[in-house]
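Below is one structure, written out as structure tokens; comments come after it.
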Amino acid sequence: MGEIHTNAAEDAAMAILGDFVFCAGKPDEKLLADRKKCLRQFMIVVPQNEEWAALIERYYEDMAKKVLRYAFKKEKDAFDVRQLQQAVRELPKGYELKPLGQQEYALCRTQAWASDLVSQFKDYDTYQKWGLGVVAFQDTEIVAGASSYSRYHEGIEIEIDTREDHRRKGLAYACGAKLILECLKKGLYPSWDAQNPWSAALAEKLGYHSSHTYVAYEIYNR
């Protein structure tokens with residue numbers, strides 16, 4: 001999934017997937033400046049090294065916010081299946097977990113807070129083929145979910161979202177646990193990358209082990 005763009009000399013590259021832009025090779029301002037390759041109101045730009053970081057700061061100036069993200073080890077045997085099953089059973093009363101099917105896909109597309117659960121898949125047929133997800137319902141409304149932000153050969157990158165008025169109830173924990181269990185059944189690795197300490201804490205609660213932090217830049221294209 002995504003695209004890779006290079007400069008003319010092919011010694012610099014940008015890998016673009018959704019909101020994420022990964023810069024590698026020899027820092028190249030012309031490549032960074034090509035708006036046709038990176039035309040979004042919001043982006044998360046990840047530099048390969050300090051030289052790329054300096055270029056990003058210089059080029060974007062006050063549009064760039066420097067942040068720390070949290071990476072986790074990819075350990076296939078790290079998960080405690082019984083613990084994950086217990087997390088699913090502890091879903092709060094009044095909520096129900098369902099697979100992310102065609103109806104759920106359509107609902108996610110209509111709600112801004114849930115759109116990233118399916119946004120990288122152009123239609124439901126594509127999601128059905130490559131995606132995987134679970135959502136939490138309260139009555140007829142989706143209020144939380146865990147899904148594949150993207151897919152690669154051996155696994156998925158997990159996206160978890162909860163509607164603001166249903167947060168701090170354990171819904172993200174239950175949805176995340178259910179999605180990990182489904183991945184394990186299908187032989188897929190549920191890869192996790194955290195935007196903030198709260199997401200990192202949830203990952204560790206689900207069984208992931210911290211690897212390192214890394215610098216990224218949130219770009220607000222005004």
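The values are calculated or read from the model by the stated rules, or taken from the named source; none is laboratory data. Keep in mind that what you see is a predicted model, and the values were worked out from it rather than measured. A quick note on method: Cβ atoms are made from the backbone with ideal geometry, for glycine too, and the neighbour counts reach across all protein chains shown. Areas reflect the complete protein model, heavy atoms only, side chains present, ligands, DNA and RNA absent. Shrake-Rupley method; radii C 1.70, N 1.55, O 1.52, S 1.80 Å.
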Those chymotrypsin sites (Phe, Trp or Tyr not before Pro) in segment 136-222 that DSSP places in a loop and that have at most 11 other beta carbons within 10 Å: none
Cα-based reach from K26 at 29 Å (exclusive), listing lysines while leaving out same-chain residues under 8 positions away: K36, K37, K65, K66, K73, K74
Beta bridges by DSSP in the chain, antiparallel share as percent, to the nearest 5: 90
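Using only the heavy atoms of the protein chains and a 1.4 Å probe, how would H5, H212, H166 rank by accessible area, largest first? Spell out each step's value before the answer.
Values: H5 45, H212 95, H166 10 Å².
Result of the area sort, largest leading: H212, H5, H166.
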Rg/Rg_globular for segment 1-133, with Rg_globular taken as 2.2 N^0.38 Å and Rg from C-alpha atoms: 1.37
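Relative to the compact-globule scaling 2.2 N^0.38 Å, provide the ratio for the alpha-carbon radius of gyration of segment 37-104. Intermediate results must be reported in sequence, preceding the final value.
Working: Rg = 20.3 Å, N = 68, 2.2 N^0.38 = 10.9 Å.
Normalised Rg, Cα atoms only: 1.86.
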Solvent-accessible area per residue, Å², over the chain with all protein chains present [probe radius 1.4 Å]: 56
Helix-only CD estimate at 222 nm, as mean residue ellipticity for the chain, using -39500 (n - 2.57) per DSSP H run (n ≥ 4): -8500 deg cm²/dmol
P(r) histogram, all alpha-carbon pairs of segment 74-114 included - 5 Å bins from 0, percent: 5, 16, 15, 15, 18, 18, 11, 0
Carbon plus sulfur fraction of accessible area for the chain, probe 1.4 Å, in percent: 48
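Starting from the Cα coordinates of the chain, work out the convex hull volume and express it per residue in Å³.
Numbers: hull volume 29.2 nm³, N = 222.
Considering the Cα atoms of the chain, their hull volume per residue is 131 Å³.
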Alpha-carbon spread of segment 127-222, three principal axes, descending order, Å: 40, 34, 31
Rotationally averaged projected area of segment 136-189 (alpha carbon convex hull; nm²): 3.9
Relative contact order (%) - criterion: Cα under 8 Å, at least six apart; region: segment 100-217: 19
Where labels lie 7 Å past Cα in the beta-carbon direction, separation of E90 and S115 in nm: 3.4
Simple spin-label estimate for H5 and Q41 in nanometres, 7 Å along Cα-Cβ: 2.0
Fully extended contour minus Cα-Cα distance, from D123 to M63, at 0.36 nm per residue: 18.4 nm
At least 27 Å along the helix axis (C-alpha) and Kyte average at least -1.0, DSSP helices within the chain: none
For segment 9-23 and segment 173-222, distance of Cα centres in Å: 22
